[in-house]
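Just below is one structure, and these are the notes that go with it.
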Amino acid sequence: MTTTRLLNNQHIELVLYRKTLLEYRIMKNFKPKAWLLPQPVVIIGTYDADGTPNAMNAAWAGQWDMNEIMISLGSHATTENLNRCPDFTVSFATVETMVSADYVGIVSGKKVKDKIEKAGWKSTKGENVEAPVFSCFPMTMECRIKEKLFESETGFYLIGEIVNIVCDETYLAEDGKPDVEKMNIISFDPIHNGYIALGKRVGNAFHDGTALK
């Protein structure tokens, strides 16, 4: 057998081997974990009793209904603030705010009173809620608690009504709506405790799938 023929046969075998791996991938099992993907990095803004702006970092959050969101909250200074006043804001952490967003999730407002100042954030009071809007985030939802579920000493599940949404005009698309692709939003990687930047737009929802009809 010539060298060329031998190489061709080896190439064919390699292609068939790779095809077999793709068709019969080996899957590994894991015990139940909080690995729902992707997970957001939301910043919950509230006011302390003395009017000091406060914020925390949360990942267990999502859309509950058309005009409502859900957040799983433990026992935090934010939780205490929400028990006193139902208003809050929700912003979305970005590549540019990653370090400070992580900081407000690490440090408790119960122990560090000026953590917003240390984070370098500036805020104004929301126009529709008694809660701070931090200027460093592209988009912020002004919200109000509608319901608390499974409330206990360790926290509760918050159902919040979206009262209003504010977006920096820098991050608007040509149609006048917020452009997510411009925002450099990050998501939380619960498997390796990291932050991942969202990528580019890859398709059109409720449209591209019609090609398979």
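Figures for the structure shown
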quantity	calculated
Hey, residue 110 touching a residue at least 24 places away in the same chain (Cβ under 8 Å) and either surrounded by 15 or more Cβ atoms within 10 Å (Cβ to Cβ) or over 21 Å from residue 40 (Cβ atoms) (or both) or not	yes
Pairs, first within 24 Å of residue 186 (Cβ to Cβ) in region 74-93, second in a helix (DSSP H, G or I), C-beta under 6 Å, six or more apart	93/101
Residue, farthest from the chain's Cα centre (by Cα), within region 72-87, restricted to residues that are exposed (fewer than 15 other Cβ atoms within 10 Å of the Cβ) and closer than 19 Å to residue 126 by Cα	84
Qualifying residue in region 137-157 (condition: of a type in the set (A, V, I, L, M), at pLDDT below 95 and more than 13 Å from residue 91 (Cβ to Cβ))	no
Test: residue in region 122-140 that is of a type in the set (A, V, I, L, M, F, W, C), touching a Pro at 6+ places or on another chain (Cβ under 9 Å) and surrounded by fewer than 20 Cβ atoms within 10 Å (Cβ to Cβ)	yes
Residues located in region 168-205, provided they are farther than 21 Å from residue 43 by Cα and in contact (Cβ under 8 Å) with a residue 12 or more places away in the chain	200, 201
Qualifying positions in region 53-108 - of a type in the set (A, V, I, L, M), in a loop (DSSP other than H, G, I, E, B) and either more than 18 Å from residue 143 (Cβ to Cβ) or touching a Lys or Arg at 6+ places or on another chain (Cβ under 7 Å) (or both)	95, 107
Considering residues of region 152-190 that are over 18 Å from the mean Cα position of the chain (by Cα) and polar (S, T, N, Q) only, the residue surrounded by the most Cβ atoms within 10 Å (Cβ to Cβ)	164
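The values are calculated or read from the model by the stated rules, or taken from the named source; none is laboratory data. All values derive from a computational prediction rather than experimental measurement. Virtual Cβ from ideal backbone geometry, glycine too; neighbours counted across all protein chains shown.
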